[in-house]
Amino acid sequence: MTTGLLIVLDHVVALLGVAAWFAAGATLVLRRTRLALAGLVAAVLVTLARVGTVAMLAGRGWWFVQEKVLLGLPMLGAAGAVAVLLAGRQLLTARRGRGDGASLGGVVSVFTAAYAALAGLVVTFLAGYPLTVSTALFTISLVCAGALLTVRVVAPAVENTADVGVTRAPEGRPISRRRFIGWAGGAVAVTAAGIGTGLSFLPAESMTSGGGRGRSSRAAVSVADLRGADSPAPGGTVRRQVLTAKKATVRLPSGREIDAWTFNGEVPGPAITATEGDLIEVRLRNDDIEDGVTLHWHGYDVPCGEDGVPGLTQMAVGPGGEFVYRFRAEQVGTYWYHTHYASHVGVHKGLYGTLVVKPRDGQRADEHSAAEQVDLTLPVHTFNGTVVIAGRDGRTEHPAPPGTSVRLRLINTDSDPHRIVLAGAPFRVAAVDGRDLNQPGEVRDVALHQPAGGRYDLVFLMPDTPVALVVDNARDGGVRLRPPGGTPTETRIEDTSDLPELDLLRYGAPAAVPFAPRRADRHFTMVLDRGVAMVDGRPAFAQTVNGRGHPSIPDQLVAEGDVVQFTVVNRGLETHPWHLHGHSVLIVSRDGKPSTGSPLWVDTFDVRPGETWMVAFRATNPGIWMNHCHNLPHADQGMMLRLQYDGVATPYGGSHGGSAGHVH
Ligand SMILES: [Cu+2]
C-alpha cells in the first residue's frame, strides 16, 4: 500500500474511532445497555485497529505519526482504558440484570475517550508535524475541560434515576468527590492552557543551519550587486526584448475570448530564444497591472539579482515602472519565464512565456536539438478550464514529413500536474527541466507525469502515420503531427488513461555526478502539510512547511560550496511541486529507494501525498533564494521559505511580496 493510501486509511480508522466512542457514550446515556456494550466493544476494536495503522505508518517515517504516537494515541489509550474499566464493568453487570450500566464515572470516561479521539484527529489536521509542547498542553486542557463539562451536563440525568445503584456511593459522597474531581480537573485544564499559551509566544527560530556552521560575521554582499554579465560570450550576440505587462482581451483560435494579463498583449508572452553564450537582455515594463510584476526565469540559474522575486531580489515593477534583466544564456534547454509577484494570480492570468536556449558548438549541436527539423515549444496552460497549448485551444495540427526528427518541448505552466501521452511513435525523453538525460531509452505506450513548472523534451522520428500529443487524456485536443497529405480523420486516439506511468527515477543510464550526494554538509527536512499557522501576519488554514507558514518558516542557511541535502516529506493529501530557485537539484531517492537511472537534475519535483524525496545540490550560486511549492496558490497560502547564503543580504525588505498590497 502506498503511504498516501495508508494516510487516508488511518484518517478513516481514526474517524470511525471517534464515531464509535461517541456512539458508546450516547447509548450509555440513553440506557440502551446492549447497544452501549456493542458500541464500547466497537470503540475498543477500532482503537486497536488504529494502533495498527499508526504502526504501519510509522514504518514509512516518523514525520507521518509523531503527533499520533506522542499525543493522540496515549491520550486515547489512557481515557479508553479508564472507560473500559468503569463503563465496561458496569455494562457487563447490567447485562446480568443488575442496573442499567450507566454511572456517572462510566459515562464521563467514555465521553472523555471520545473527546481524546476527536482531539487527536483535530491535532493531526490543524497542527500536524512537528508536535509542539504548546499544542500538546492545549489539547490535554481541552479534553479535561470537555470531561468536566460532561460531568455537569450528564450528572443530573444519570443520578435522577433510581436504579443507577450499582456504583452509587453512600449518601453525600458523590457530591464531595465530584467537587474534588471538578477542582482538580479544572486546575489541570487551566494550568495546561496557561503554559501552552505562554509557550506559543516564545520567539521561533528564524534560521536553521541544517547541521552546518552558523552565520559568520562576514561582511554582507547585497543581492542588488549580484547581477548578470553585461556582454555575450565570444561569438555570441545580444538578444534584446521588451516585455510590457498589460491587461488585454485575447481571442483564441476557437473564437473564445479570455480576459488575460499579458506580456505585449500576447498569451503566452513573446518566445525568447537564444544560442548558448548569447546575452539575454529583457526590459520589463508595466502598463496597468496595479499590483506590480517581475520576471522570474524558471529553472534558469541566473545570478540572484536577476531572479525576479519582489521584496527579495528587487522591488516589484509598478505601473509606469521598468526593470532590465541581463544574463548570459549559459544553460542549454527548455525553460520559461513568469511574473513572481502574486504569481498565483498573475501567472494564472497569463503573465508567462517560454525561454529556449540552443547549443552553439557544431559537434554538440549535431547530437542536440539544432539537429531536429521540427522543433515545437509547447507551453500548456489552463484558462478557466480551457487548455491552451502554445496559445491555441482545441486541436492544433503540424505537418511533419516521415523520417523528420521531431522535438516537442513541453512546459507545464499550470499549478497542477499534467498527464502527457505521445501516441503513434516510440520516443525518448531527451531532457527534463532543460537538462539532458544520459542514454534515455526509447519508450512507447507510457504516460508522463509532468509537475507544475516542469519541462520535458520528447524526441522521435516521424513515422509515416500521424502522431498525437494528448494532455490529460483529452483526446479531442492536444497537438497532432501529420505527414503531408494525411487527412485529419486518420488520427484515432485510444483511451490513454490506463497507460502506465514512466518512472524517470529508473529511466536512462547512470553517469558520474560532480559531488557525492549522500555526503552532505547540510541537511534540511521539509515536512509539507496543511494546518493552522500565521501567513503574512494573519492566522490561516495554511499550506505549511514544518508546521509554519511564510514568512515564519526559518530560513535555511548555506555557505558557498556546501553540498546540501533536502528531505521533502508530504504528509498531506495534495501534491506539492517543490521548486528551489537558482539551482537544479539531483534526485537522490524517493521513499528511500535510490534513483537508479540517468542522473536526474530538476528544478521542480512533484512530492505526491505520502511521498518522501531526497535531493541534493551544490551551493554554487550565492544569493537569497525562494524555496517553495510551485502550486502557486499553495505558495500564497504559506508554503514558501528562503534559502540564504552566508554573507548575502537584501535591501528590499527580505520577505517575498506575494500577497496583494505587500510591495508596490
Ligand atoms: Cu503545494
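For this structure, a couple of remarks:
- The order of the peptides 314-320, 195-201, 379-385, 580-586 by mean Cβ neighbours within 10 Å, most packed first, is 580-586, 314-320, 379-385, 195-201.
- Vicinal HN-Hα couplings computed from phi for the range 407-422 (Karplus, 6.51 cos²θ - 1.76 cosθ + 1.60; Hz; Gly/Pro x): 10, 10, 9, 8, 10, 8, 9, 8, 9, 10, x, 10, 10, 10, 10, 10
- Average accessible area per residue (Å²) across the range 454-612 - probe 1.4 Å, nucleic acids and ligands excluded: 39
- Theoretical FRET efficiency, 1/(1+(r/R0)^6), r = Cβ-Cβ of Arg34 and Leu85, R0 22 Å, to 0.05: 0.65
- The range 500-591: trypsin sites (Lys or Arg not before Pro) in DSSP coil with no more than 15 other Cβ atoms inside 10 Å: Arg518, Arg519
- Cα shape, the range 558-664, gyration tensor, a/c 1.5 rule: oblate
- Mean Cβ count within 10 Å, highest first, over the residues of peptides 121-132, 228-239: 121-132, 228-239
- From most to least packed by mean Cβ count within 10 Å, the peptides 151-158, 23-30, 40-47 give 23-30, 40-47, 151-158.
- Amide H within-cut-off set for Gly549, under 5 Å, with H built and near neighbours excluded: Met534
- Taking a point 7 Å out from the Cα of Val133 in the direction of its Cβ, the residues of the range 197-231 whose backbone N falls within less than 15 Å of it are 197-205.
- Within-13-Å neighbourhood charge of Ala38 [Cβ basis; K, R +1; D, E -1]: +3
- For the range 381-448, applying the loop criterion from DSSP together with a ceiling of 15 other beta carbons within 10 Å to the trypsin sites (Lys or Arg not before Pro) yields Arg444.
- Mean ellipticity per residue at 222 nm, deg cm²/dmol - from DSSP H runs of n ≥ 4 across the chain, formula -39500 (n - 2.57): -8500 deg cm²/dmol
- Of the DSSP H helices in the chain, those whose Cα atoms cover at least 27 Å axially and whose Kyte score averages 0.0 or more: 3-29, 33-58, 104-126, 133-159, 173-200
- Straight-line reach from Lys349: taking Cα to Cα under 12 Å and skipping same-chain neighbours fewer than 8 places apart, the aspartates and glutamates in range are Asp259, Glu266, Asp414.
- Gain in span if fully extended, Ala224 to Thr191, counting 0.36 nm per residue against the direct Cα distance: 6.9 nm
- Accessible carbon and sulfur surface of the range 1-141 relative to its total accessible area, %, 1.4 Å: 75
- Three-way shape label, the range 408-454, alpha-carbon gyration tensor, a/c 1.5: oblate
- Shape of the chain, Cα gyration tensor, a/c cut at 1.5: prolate
- Residue-span extension gain [Val12 to Asp287] - 0.36 nm each, minus C-alpha spacing: 93.9 nm
- Computed from label points 7 Å out along Cα-Cβ, the spacing between Val242 and Glu494 is 5.3 nm.
- Förster radius 41 Å - calculated FRET efficiency between Arg392 and Val513 (Cβ-Cβ, nearest 0.05): 0.60
- The local environment of Leu126, defined by Cβ-Cβ distances under 14 Å, has a net charge of +2 under the rule Lys, Arg +1 and Asp, Glu -1.
- Range in the chain, longest, excluding exposed GluC sites (Glu not before Pro) [loop by DSSP; at most 14 other beta-carbon atoms within 10 Å]: 1-170
- Distant-in-sequence amide H partners of Leu378 (H built 1.01 Å from N, under 5 Å): Arg409, Leu410, Ile411
The values are calculated or read from the model by the stated rules, or taken from the named source; none is laboratory data. Predicted, not measured: the structure shown is a model, and the values here were computed from it. All Cβ positions, glycine included, derive from the backbone under ideal geometry; neighbour counts span all protein chains shown. Areas reflect the complete protein model, heavy atoms only, side chains present, ligands, DNA and RNA absent. Shrake-Rupley method; radii C 1.70, N 1.55, O 1.52, S 1.80 Å.
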